[in-house]
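The values are calculated or read from the model by the stated rules, or taken from the named source; none is laboratory data. Bear in mind that the values here come from a model prediction, so they are computed numbers and not experimental data. Side chains included, ligands, DNA and RNA excluded: accessible areas come from the protein's heavy atoms. Shrake-Rupley method; radii C 1.70, N 1.55, O 1.52, S 1.80 Å.
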Amino acid sequence: MSAIIGISVDNRAEEATKLQQILTDYGCYIKTRIGLHDMGDYKCLNYGIVLIQVIDKINEIYDKLAKHWKVQIMKF
């Protein structure tokens with residue numbers, strides 16, 4: 001089984017380190033990672049979305065992320 005997990009990050013400047021550590025901890029189970037943020041008037045805004053494709057430990061990773069951020073999951 002595989003899943004896509006979307007993580008809404010409201011304060012990238014303060015939360016990036018914590019998110020990066022969790023993604024690194026589960027790096028062997030993350031097949032794809034995409035980070036999206038808006039460029040308002042040609043400057044980087046402080047919020048964004050990270051999409052990860054997870055191939056194992058789906059519920060464990062989801063639960064870990066959901067403790068800190070708004071997350072959505074799509075299993076397939």
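Worth a mention:
- Anchor Lys75: aspartates and glutamates whose Cα lies under 12 Å away (excluding residues fewer than 8 positions away in-chain): Asp56
- Taking 37 °C and 0.692 mPa s as conditions, the chain diffuses translationally at an estimated 259 µm²/s according to Stokes-Einstein applied to its Kirkwood radius (Cα pairs).
- Accessible solvent surface per residue of the chain, calculated while the other protein chains remain in place, 1.4 angstrom probe, Å²: 68
- One chain, two ends: Tyr29 and Asn46. Fully extended at 0.36 nm per residue, the span grows by 3.4 nm beyond their Cα-Cα distance.
- Subset of Lys43/Lys64; Lys31/Lys67; Lys18/Lys64; Lys43/Lys70 violating a 19 Å alpha-carbon distance limit: Lys43/Lys64; Lys31/Lys67; Lys43/Lys70
- Whole-percent carbon and sulfur share, accessible surface of the chain, 1.4 Å: 53
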